[in-house]
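Below is one structure, written out as structure tokens; comments come after it.
The values are calculated or read from the model by the stated rules, or taken from the named source; none is laboratory data. All of these numbers come straight from a predicted model, not from anything done at the bench. Every residue, glycine among them, receives a Cβ derived from its backbone with ideal geometry; neighbour counts consider all protein chains shown.
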Amino acid sequence: MANILLTGASRGIGAAARSLLEQAGHTVIGQSTAGGGGLIAADFAHPRAADALWAQALDRAGAKGERRIDVLVNNAGVFEAAEIGDADGFAATWARSIAINLQSAADLCRHAVLHFQRNGGGRIVNVASRAGHRGDSPKHWHYAAAKGGMLAMTKTIARAYAGQNILAFAITPGFTMTGMAEDYLSSRGGDKLLADIPLGRVATPEEVAETIRWLASDAPASLTGATIDINGASYVR
Ligand SMILES: NC(=O)c1ccc[n+]([C@@H]2O[C@H](COP(=O)([O-])OP(=O)(O)OC[C@H]3O[C@@H](n4cnc5c(N)ncnc54)[C@H](OP(=O)(O)O)[C@@H]3O)[C@@H](O)[C@H]2O)c1
């Protein structure tokens, strides 16, 4: 059974993944912005917060001298609107989105790769978004750019380190019924958006969590570098 560092474990997809992974017998070291409930606090809006999180997570990952993280799941994320008419707000929202949605994931991947190189390998699962392929709404250029960046980063890591048994996968959910999607769906007319999804409904957090669980443990090594879409056929590539 694996020691798994999971970001954004407090709610939504992350909370569902935490409970599925624990049911499967894994040890989950979880993070949220404020901590509590056994989670480590880390606000990725702050530079180097991911470095501090990695150090604290390692402290929880076994006895001294045997500390080992086997899997990193980068799931934390924010989806905030940026108005193009507001220069200051636009720049601030871009900086915050890139820091939380991309840079913190990159920092954690850096630690994970160095750690996995010393320990004979490991897995990285990056939760990106359909937006990383398809783009997003007019107020969310930054979100699509961050998630597209995450896809490119995941492929780069997979290609660079596969020979060292370091595997990297990405997941691209479409709308998933969590706090993040609820506001968006209601603000943009839920029914019209649903008409765009051939399956006729948005994904559940449990469906995305099951995809995370599979990639974190059972997916074959030859899948490394792959991006798994989970969007009810709303975007097929
Ligand atoms: N829901 C969707 O429709 C959808 C679609 C495509 C992709 N995704 C992606 O799936 C992932 C999970 O989404 P979700 O819908 O489950 O989101 P959610 O319900 O809004 O939960 C977001 C998680 O990220 C954490 N987080 C937020 N701001 C943070 C910060 N500044 N620093 C550190 N952690 C922070 C939250 O912690 P706190 O509870 O402490 O705030 C929470 O655990 C995200 O990467 C998202 O982009 C979601």
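When each of ALA162, ALA170, ALA216 is tested for being over 13 Å from the mean Cα position of the chain (by Cα) and not aromatic (Phe, Trp, Tyr), the lone residue that passes is ALA162. Taking first residues from the stretch 33-46 that are charged (D, E, K, R) and partners that are modelled with pLDDT of 95 or more, the Cβ contacts under 6 Å between residues at least 6 apart in sequence or on separate chains come to ASP43/THR33; ASP43/ALA49. Within the stretch 179-186, at least one residue is more than 18 Å from the chain's Cα centre (by Cα), more than 20 Å from VAL73 (Cα to Cα) and of a type in the set (A, V, I, L, M).
Of all residues in the stretch 91-100, one or more are within 27 Å of GLU22 (Cα to Cα) and not small (Gly, Ala, Ser). Within the stretch 53-82, being in a loop (DSSP other than H, G, I, E, B) and among the aliphatic types (A, V, I, L, M) holds for ALA61, ALA63, ILE69, ALA76, VAL78, ALA81, ALA82.
Checking every residue in the stretch 92-105 against the condition of being over 28 Å from PHE175 (Cα atoms) and more than 13 Å from the ligand (Cβ to nearest atom) gives zero matches.
Can you say whether ARG110 is closer than 19 Å to ASN3 by Cα, free of Cβ contacts under 8 Å to residues at least 12 places away in the same chain and in contact with a helix residue (DSSP H, G or I) (Cβ under 9 Å, 6 or more places away or on another chain), as far as the supplied structure shows? Spelling it out, ARG110 is indeed closer than 19 Å to ASN3 by Cα, free of Cβ contacts under 8 Å to residues at least 12 places away in the same chain and in contact with a helix residue (DSSP H, G or I) (Cβ under 9 Å, 6 or more places away or on another chain). In the stretch 146-167, the residue that is surrounded by the most Cβ atoms within 10 Å (Cβ to Cβ) out of those that are within 16 Å of the ligand (Cβ to nearest atom) and touching a residue at least 24 places away in the same chain (Cβ under 8 Å) is LYS147.
From the list LEU21, LEU53, the lone residue that is modelled with pLDDT of 95 or more, away from the ligand (no atom under 13 Å from the Cβ), crowded, with 22+ Cβ neighbours inside 10 Å and under 16 Å from the mean Cα position of the chain (by Cα) is LEU21.
The set of residues in the stretch 113-145 that are away from the ligand (no atom under 12 Å from the Cβ), charged (D, E, K, R) and in contact with a helix residue (DSSP H, G or I) (Cβ under 8 Å, 6 or more places away or on another chain) contains only ARG123. For the stretch 191-215, residues that are in contact (Cβ under 8 Å) with a residue 40 or more places away in the chain, within 10 Å of the ligand (Cβ to nearest atom) and of a type outside the set (Val, Ile, Thr) total 2. The set of residues in the stretch 1-18 being outside any helix (DSSP H, G or I), more than 7 Å from the ligand (Cβ to nearest atom) and more than 12 Å from the chain's Cα centre (by Cα) consists of MET1, ALA2, ASN3, ILE4.
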